Amino acid sequence: MQPTLAGTEEEDDDDQPKKKPAKAKKEKWPTTIPEQVKRLRAMLAEIARPTDTSEVAKRFLKPDKKQVLNLDDKLEELLETLVAVGQARLTDEGRFVAV
């Protein structure tokens, strides 16, 4: 049972209190290009819906500036590379999705 705005309770389907989904833990940006490509490919599969570079960037800790000057530009380049080699697809809306 959960309280409603009027102060009464409302029964859930499973009769359990609803929990917020766990927030994804941010990952360290991989250091090598092969690791970056591998992780991005896996991440697209995990997201399992069309996504853009800003959403993907939120899943990583900010990399060291010596490693990457602009993460969004780097993500765009790597995601376009995945599209070029048939590991991802670009939607008409300009979002990326795993194939």
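Taking one equal scatterer on every alpha-carbon of the range 25-98, how large is log10 of I(q)/I(0) by Debye at q = 0.24 1/Å?
Summing over Cα pairs of the range 25-98 leads to -1.16.
For Phe60, list long-range residues whose amide hydrogen, built 1.01 Å from N in the peptide plane, is under 5 Å from its own amide hydrogen.
Here Glu27 satisfy the definition.
Laboratory data are not the source of any read-out in this text; all were calculated from the coordinates shown. The structure displayed is predicted, hence computed values, not measured ones.
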